[in-house]
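These notes concern the structure reproduced below.
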Amino acid sequence: MEKHNVGIRSLGSYVPEGIRDSFYISEASGIPEPVIREKFGIKLVHKAGPEESVSAMGVKAALRALDGMDPMELDMVVYCGSEYKDYYMFNCAAKIKYDIGADRAVAFEIHNLCSGGVYGLKVLKAMMLQDPSLRRVLMVSSSKEGDLINYKDTDSRFMFNFGDGAAAVVLERDLGRNVILESAMIADGQFSTDVYVPGIGCNNRDNFDNMAYEDRFLRVRNLKDMKSRLDPVTLKNFCGVMEQAVANSGYTNSDVGFIAPICMKKSMLVGLLDHFGLPENKSFLLEDYGHCQSADCFISMEEGLRHGRLADGDLVVTISAGTGYTWASTVIRWGPCDG
């Protein structure tokens, strides 16, 4: 039986020019700047202007990923980014498809908060292998969740690293390089209502007129309670889901050559690198980007290529986590390969 593969043809990203640096966040939150920089690991995040919608940033990232390729060659456009989009109940994939001129493509969306991009690779790989008509697929992640952060609410401080931006990836059937291997996920629904925007949704539909100002932002229901349950499992689940994805792909921990992470503080990333026996230059710390939702891992790979940290032959392990809580990982064999 002929063996097929799905590979990453190209990557592209976009971040707006506006920034919120550690000084800005310190002034807005009242938390000392050294704590913001050193303990929180925040150097700066990017902030989109009012005219830069989620779809507009996604279009810019998509065009960079296409890199001159005719959008008419795309068979599908997928949006996997933030659910905080241009409008409530809005098809961002269809908007991006239209704006880039991918007239032939179908469009749909994948949502799993910040792990949607990583696990989206698994979903799209399966679809493309099952359906030969899906030869080239564009997946776009975009986020403007910086709008949803209230720096006065220190219970939400672990979200102070949220920044705006977008990333896109072109997938191609039988590309023969940068081949997507296997994935893994850990899902723990006990965290499903710990982080949310409480003022919007069907549970509050009849109270919109009386919505408290604070309820339009992302909030943590009970920080102390969430931390007591989340802290003991965070590193374990990061390592565990990565190990499972590597094993599912037929490799061992010693084969890992590059880690493409979600935005995290340096100490956490170093812990992951140590776990897989890798030096710090076999990953990329997103301290100049902030957390751009599920775009992070693709930005990490793009920066790894730009800085010569990601090379042909590397076994790339992507890792992300989304409130809810899900931890997801997908493995990619970078460079030319047989299958």
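Quick look at the values:
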| read-out | value |
| --- | --- |
| So Leu74, is it within 25 Å of Leu286 (Cβ to Cβ), out of contact with any Gly (no Cβ under 7 Å at 6 or more places or on another chain) and of a type in the set (A, V, I, L, M, F, W, C) | no |
| Checking Pro34 against (1) without any contact (Cβ under 8 Å) to a residue 40 or more places away in the chain; (2) in contact with a helix residue (DSSP H, G or I) (Cβ under 6 Å, 6 or more places away or on another chain), the condition it does not meet | (2) |
| Of the criteria (1) touching a helix residue (DSSP H, G or I) at 6+ places or on another chain (Cβ under 7 Å); (2) free of Cβ contacts under 8 Å to residues at least 12 places away in the same chain; (3) not hydrophobic (A, V, I, L, M, F, W, C), which one Tyr24 fails | (1) |
| Some residue of the range 253-276 being acidic (Asp, Glu), closer than 17 Å to Gly41 by Cα and either outside any helix (DSSP H, G or I) or not assigned by TED's automatic domain parsing to the domain that holds Phe40 (or both) | no |
| The range 51-67, residues that are at pLDDT below 95 and surrounded by 23 or more Cβ atoms within 10 Å (Cβ to Cβ) | none |
| Verdict on Arg64 being among the charged types (D, E, K, R), within 18 Å of Gln293 (Cβ to Cβ) and in a strand (DSSP E or B) | no |
| Check on Tyr87, surrounded by 15 or more Cβ atoms within 10 Å (Cβ to Cβ) and aromatic (Phe, Trp, Tyr) | no |
| Lone unmet requirement of (1) at pLDDT below 95; (2) surrounded by 23 or more Cβ atoms within 10 Å (Cβ to Cβ); (3) not charged (D, E, K, R) for Ala48 | (1) |
| Criterion violated by Ala102 - all others in (1) crowded, with 19+ Cβ neighbours inside 10 Å; (2) within 18 Å of the chain's Cα centre (by Cα); (3) part of a loop (DSSP other than H, G, I, E, B) satisfied | (2) |
| Test result for Glu145, surrounded by fewer than 20 Cβ atoms within 10 Å (Cβ to Cβ), within 15 Å of the chain's Cα centre (by Cα) and at negative phi | no |
| Filter result (part of a loop (DSSP other than H, G, I, E, B) and among the acidic types (Asp, Glu)) within the range 17-57 | Glu17, Glu51, Glu52 |
| Residue in the range 155-165 that is in contact (Cβ under 8 Å) with a residue 60 or more places away in the chain, in the same structural domain as Val45 (by TED's automatic domain parsing), of a type in the set (Gly, Ala, Ser) and closer than 22 Å to Asp225 by Cβ present | yes |
| Some residue of the range 236-247 being of a type in the set (Asp, Glu) and in contact with an Asp or Glu (Cβ under 8 Å, 6 or more places away or on another chain) | no |
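The values are calculated or read from the model by the stated rules, or taken from the named source; none is laboratory data. All values derive from a computational prediction rather than experimental measurement. Every residue, glycine among them, receives a Cβ derived from its backbone with ideal geometry; neighbour counts consider all protein chains shown.
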